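Here, each number is a calculation from the coordinates, and none is a lab measurement. Please read all numbers here as calculations on a predicted model, not as lab measurements. Every residue, glycine among them, receives a Cβ derived from its backbone with ideal geometry; neighbour counts consider all protein chains shown.
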Amino acid sequence: MMRKTLLVASCAAALAGFTSPTAAEARSDGVLTVATVGEPPTLDAMQTPTDIVLTIDQHIFETLFTYDAEWKSVPLLAAAMPEVSEDGLTYRIGLREGVKFHDGSAFDSEDVVASLSRWMSVNSKGKQVASVVESVAKDGEHAIVIKLKSRYAPLLATLSQASIIIPSEKVADTLTDFIGTGPYALKERKPDQYTQLVRFEAYKSPEGEASNYAGKREAIAKEIRFVPVPDANTRVEGLISGQFDYADALPVSAFERVEASDSAGPVIFENAGWASLNMNMKEGVLTKKALRQAVQVALNPSDMMLAAFSDERFFSVDGSIFPEGFLWHTEEGIARYGEGDPEAAAALIEEGGYDGTPIRLLTSRQYEFHYKIGEVAKAYLGAAGFKVDLEVVDWATLTTRRADPKQWDIFITHSNFPGDPTTINTITDSYPGWYVSDQKAKAVAAYMAAADQDQKIKAWQGIQAVIYDDAPLVKVGNFNALAGVSKSIPDYTPTYWPHFWNVTPKK
């Protein structure tokens with residue numbers, strides 16, 4: 001069973017003895033102010049499902065399914081788990097009744113069909129799903145039926161993220177109205193100043209105990225303001241001064257200072273994710289496998305993670321894509337992962353016919369650990385014989401630029417550890433990097449056709465081996481995320497994408 005460990009440091013003493021109020025008592029006129037790493041490039045999670053977009057959007061929009069504490073997909077807008085035919089090709093999904101959109105219109109099957117059609121045309125994972133979908137159709141007002149051409153094991157996992165449901169009348173190539181069914185509605189967005197959400201008074205919560213993103217959702221705070229604060233030190237100072245109730249993605253060097261603060265405490269989310277260097281397989285220098293493998297073997301993950309996180313409490317180095325303790329952890333296929341071997345890299349550089357063209361390495365300082373990984377990567381790649389241009393841009397620019405294969409060769413990012421391994425971004429053909437290969441297609445097809453968990457585990461081992469051979473990316477290491485929360489907030493629970501329903505603002 002896969003579990004994540006949530007550690008809330010220092011806040012525990014401040015929260016001791018707090019008794020949760022009833023739902024009726026819980027509602028507040030208070031405002032939660034959240035410092036994020038920067039301005040979201042859009043609020044359209046289908047188009048741009050980055051962490052900052054998903055963090056804000058999950059309060060506005062909902063999906064048919066979501067993730068519980070074990071990262072299993074469970075119903076959100078769906079009324080129950082789907083009815084699946086014996087051959088695994090037909091899914092009938094009942095829908096919750098009485099749910100309203102923020103514009104007052106009723107949620108029904110027409111909205112779901114229209115939304116999923118858009119998702120399958122604009123979202124990278126949606127496009128992957130579209131390739132195996134025969135049809136998505138209404139089955140009355142309160143159910144839909146999805147018919148597949150072939151088995152697709154991660155269907156529910158892909159329907160749990162970014163496949164947001166919007167009113168059918170608002171579906172368009174470019175969204176201009178951001179209307180969902182979530183506990184908060186968008187009131188105002190001022191780029192580079194704030195995104196203001198207000199409580200949706202007609203919100204209908206799913207039932208059940210809160211569990212990660214599943215279960216009860218109560219809009220306790222009257223308003224949430226997401227404030228873009230690109231400089232990490234400014235986020236720290238704002239948290240300590242009381243300007244922010246929550247500050248995301250803090251540098252680990254700030255841990256002791258936040259811990260010693262009278263006004264705030266650190267929040268550590270263990271095994272929050274993994275850092276990677278993703279390579280462009282579509283255009284440019286790294287279209288040759290030998291050169292991508294040269295990048296793999298040239299780098300030193302330990303030095304990159306130490307530079308990024310400074311303290312071994314906040315990272316681990318492990319070639320397996322999933323860390324130890326996770327269901328999907330395996331050593332299968334791990335190669336060219338270690339302490340950096342410039343001689344082996346030089347041999348592969350020669351084999352690949354490298355012509356001296358600089359590698360354009362994209363990174364951002366909004367995630368400071370991305371930038372520090374980039375600095376060390378540049379040094380190791382240079383020692384192996386590559387020329388490297390380290391291009392430092394804001395995160396919104398990076399996510400825009402990486403969509404154009406002409407503008408980069410490597411970009412640095414991070415990802416979480418999903419419940420279904422085939423939902424990892426890089427496995428999707430259309431994700432920036434454009435990882436397409438015959439052996440990947442064959443390995444993924446074996447997973448999609450798996451009939452039980454043992455078959456899935458064996459198939460995933462094959463996928464990891466293929467990833468290491470094709471070298472679409474370099475896994476750097478696993479990290480624990482550090483954030484900070486005001487001690488006046490009694491009931492914040494850490495999650496990968498921080499959410500603020502069920503959170504009581506200060507009086």
Checking region 294-337 for GluC sites (Glu not before Pro) in a loop per DSSP with at most 16 other beta-carbon atoms within 10 Å yields Glu324, Glu331, Glu332
Counting only DSSP beta bridges with both partners in region 273-479, the antiparallel fraction in percent, to the nearest 5, comes to 65 percent
Options [x] 1.62; [y] 0.96; [z] 1.21 for Cα Rg over 2.2 N^0.38 Å; the value derived from the coordinates is listed as [y]
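What 222 nm value per residue comes from the helices of the chain, counting each DSSP H run with n ≥ 4 as -39,500 (n - 2.57) and dividing by all residues, nearest 500 deg cm²/dmol?
Details: 15 runs with 141 residues, N = 507.
Dividing the helical sum by the residues of the chain leaves -8000 deg cm²/dmol.
With charges only on Cβ, +1 for K and R and -1 for D and E, what is the dipole size of region 273-479 about its Cα centre, in debye, rounded to 20?
Details: 19 positive and 28 negative charges, 106 e Å.
The dipole magnitude comes to about 500 debye.
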Filtered hits (aspartates and glutamates, Cα-Cα < 14 Å from Lys282, offset >= 8 within chain) -> Asp404, Asp409, Asp429, Asp470
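With respect to the cross-link table entries Lys72/Lys506; Lys289/Lys406; Lys289/Lys378, which display a Cα-Cα separation exceeding 26 Å? If you can, show how the numbers build up before the last one.
Working: Lys72/Lys506 32 Å; Lys289/Lys406 18 Å; Lys289/Lys378 19 Å.
Lys72/Lys506, as the Cα separations exceed 26 Å there.
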Restricting to aspartates and glutamates and to Cα separations under 13 Å from Lys149, and discarding same-chain partners fewer than 8 apart, the set is Asp87, Glu134
Farthest towards the positive end of the dipole of the chain, among Ala260, Ala449, Leu197 and with Cβ unit charges of +1 on Lys and Arg and -1 on Asp and Glu, lies the Cα of Leu197
One finds the C-alpha centres of region 374-453 and region 124-162 to be spaced, in Å, by 25 Å
For Lys170, the lysines lying under 22 Å Cα to Cα, once residues fewer than eight places off in the same chain are dropped, come out as Lys100, Lys125, Lys127, Lys138, Lys187, Lys190, Lys204
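Compare the peptides 82-88, 55-61, 147-153, 276-282 by average per-residue count of other Cβ atoms within 10 angstrom and give them in order, highest first. Write down the numbers at each step before the final one.
Details: 82-88: 13.4, 55-61: 24.9, 147-153: 16.1, 276-282: 23.1.
In decreasing order of mean packing, 82-88, 55-61, 147-153, 276-282 become 55-61, 276-282, 147-153, 82-88.
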Rounded to the nearest 5, the percent of DSSP beta bridges in the chain running antiparallel is 80 percent
Those GluC sites (Glu not before Pro) from region 90-196 that are DSSP loop and have at most 14 other Cβ neighbours within 10 Å turn out to be Glu97, Glu141
Dividing the mean separation of Cα pairs under 8 Å (6+ apart) by the residue count of the chain yields a relative contact order in percent of 22 percent
Taking 291-302, 346-357, 397-408 and ranking on average Cβ neighbours within 10 Å, highest first, one gets 291-302, 397-408, 346-357
Magnitude of the Cβ-charge dipole (Lys and Arg +1, Asp and Glu -1) of the chain about the Cα centre, nearest 20 debye, reported as 440 debye
